[in-house]
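Only one structure is covered here, and it is reproduced in the block below.
The values are calculated or read from the model by the stated rules, or taken from the named source; none is laboratory data. Worth saying up front: this structure is predicted, and the values here are computed from it rather than measured. Heads up, the Cβs are rebuilt from the backbone with ideal geometry, glycines too, and the neighbour counts pull from every protein chain shown. When the accessible area is computed, the model is the full protein with side chains, heavy atoms only, and any ligands, DNA or RNA have been set aside. Shrake-Rupley method; radii C 1.70, N 1.55, O 1.52, S 1.80 Å.
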Amino acid sequence: MRIKFWGVRGSTPTPQPENLRYGGNTSCVEVRLGDSVFIFDCGTGFRSLGQQLRHEFNSRTVSAHIFVSHFHWDHIQGIPFFGPLYDKPENRFIFHSSSRTRSLKRVMEEQMASPYFPVDLNEMKAKREFHELDEGRVSLDDVTVQAAWLNHPQGCMGFRLESKQGVVVYATDNEVELEPSRPESDGQAKLRIARPALVKFVRNADLLIADGQYTDTEYTSKQGWGHTSCLTAVDLAVQAGAKHLAIFHHDPAHADSFVDEIIENCRRRIKSFDSELIVFAAREGMELEV
Ligand SMILES: [Zn+2]
Ligand SMILES: [Zn+2]
């Protein structure tokens with residue numbers, strides 16, 4: 001199973017020189033099992049993935065399962081720019097999302113309506129299917145995908161993909177904290193306990209892709225915004241027994257050097273727990289094998 005990050009930035013694209021090492025495109029992750037393509041979120045990184053698929057599949061048809069966590073801009077903005085949706089009627093894209101707030105079909109229609117976008121939705125020739133998702137499991141090709149509600153304003157779903165090769169959990173836009181985390185006064189790290197249902201959802205993942213947008217200090221003024229301190233993301237991964245943690249949804253204000261510092265702090269915390277968890281910052285273009 002191959003995982004590739006196409007967009008790792010949170011909230012809005014940030015094409016500035018100081019953050020191009022980790023990347024400025026918003027959320028999009030591809031998981032590949034043989035010829036099966038699974039995509040998590042359609043931020044601006046989705047456009048680059050479309051270019052790659054066009055190039056790779058050339059005259060062959062492209063088909064993919066696309067899971068959309070929620071409809072905030074940074075998770076849907078790439079849809080009108082995804083080339084394979086326009087190319088040919090044989091291309092087939094199966095979208096999975098919850099319509100608790102709105103159906104994705106309607107979101108796409110509204111997103112491309114005048115005066116927001118100049119191309120009519122009917123120009124998309126590919127077959128589009130929309131599957132309703134709620135908490136539970138779906139079996140697709142050789143994998144099962146479990147969906148769960150996360151803690152985020154207006155709702156957001158996380159996805160747990162299980163295959164024979166391993167387990168990948170995509171859980172971004174998620175405020176893990178049950179209560180404000182307090183700085184540890186005696187300098188001794190104390191594991192922050194996450195919701196049991198969330199821990200179970202992440203349990204024994206080979207790779208957890210998790211929201212770690214803030215530092216502890218930033219989080220104190222941003223409670224209720226639906227994102228997590230990177231150190232709390234570490235604690236979630238540790239208590240769930242995840243093997244690798246990709247800190248994801250980097251804050252638009254965080255330059256590359258600051259993200260490096262965040263990861264150093266995460267490593268120190270892991271060491272203090274005597275855990276074998278491996279943590280790194282998700283980077284645009286990064287590929288992993290599970
Ligand atoms: Zn987001
Ligand atoms: Zn969001």
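With no solvent and one point on each alpha carbon, what is the Debye value of log10 I(q)/I(0) for the range 201-282 at q = 0.22 Å⁻¹? These q points yield log10 I(q)/I(0) values of -0.99. As a fraction of the 1.4 Å probe accessible area of the chain, surface on carbon and sulfur atoms comes out at 49 percent. The amide H of Asp173, built 1.01 Å from its N in the peptide plane, has Asp211 as neighbours under 5 Å, considering only residues 5 or more places off or on other chains.
Rounded to the nearest angstrom and ordered from largest down, what semi-axes does the equivalent ellipsoid of the range 1-90 get from its C-alpha gyration tensor (root of 5λ)?
22, 13, 13
Here the ratio of the Cα radius of gyration of the range 151-290 to 2.2 N^0.38 Å is 0.97. In order along the range 15-22, the Karplus-derived 3J(HN,Hα) couplings, from 6.51 cos²θ - 1.76 cosθ + 1.60 at θ = phi - 60°, round to x, 10, x, 6, 10, 7, 5, 7 Hz, and Gly and Pro are given as x.
Per residue, the accessible area of the range 60-172 comes to 47 Å² when a 1.4 Å probe rolls over the protein heavy atoms.
Just need log10 I(q)/I(0) for the range 1-53 at q = 0.16, 0.19, 0.26, 0.30 Å⁻¹, Debye formula, equal scatterers on the alpha-carbon atoms, no solvent, rounded to two decimals. Reported log10 I(q)/I(0), two decimals: -0.44, -0.60, -0.95, -1.13.
Altogether, the Stokes-Einstein calculation at 37 °C and 0.692 mPa s, with the Kirkwood radius of the chain over Cα pairs as Rh, returns a diffusion coefficient of 171 µm²/s. In the chain, the DSSP beta bridges split such that about 50 percent are antiparallel, to the nearest 5. In the chain, helices alone account for a calculated mean residue ellipticity at 222 nm of -6500 deg cm²/dmol, with every DSSP H run of four or more residues adding -39,500 (n - 2.57).
Applied to the range 273-289, the Karplus parametrisation 6.51 cos²θ - 1.76 cosθ + 1.60 on θ = phi - 60° returns per-residue 3J(HN,Hα) values of 8, 6, 9, 9, 3, 10, 10, 7, 8, 4, 10, 4, x, 5, 10, 10, 10 Hz, with x for Gly and Pro. Look at where the Cα atoms of the range 221-252 and of the range 49-80 average out, and the two centres are 26 Å apart. Straight-line cross-link partners of Lys200 among the lysines, defined as a Cα under 29 Å from its Cα and at least 8 positions apart when in the same chain: Lys4, Lys164, Lys190, Lys222, Lys243, Lys271. When every Cα-Cα distance of the range 45-149 is counted in 10 angstrom steps from zero, the calculated P(r) takes the values 14, 45, 34, 7, 0 percent. Per-residue packing, averaged as other Cβ atoms within 10 Å, sorts the ranges 256-264, 169-177 into the order 169-177, 256-264, beginning with the highest. Near Ala210, once Lys and Arg are set to +1 and Asp and Glu to -1 for all other residues with Cβ below 11 Å from its Cβ, the sum equals -3. Restricting the GluC sites (Glu not before Pro) of the range 1-93 to loop positions (DSSP other than H, G, I, E, B) with no more than 16 neighbouring Cβ atoms within 10 Å leaves Glu90. Scoring 102-110, 223-231 by mean Cβ neighbours within 10 Å over their residues and listing the highest first yields 223-231, 102-110.
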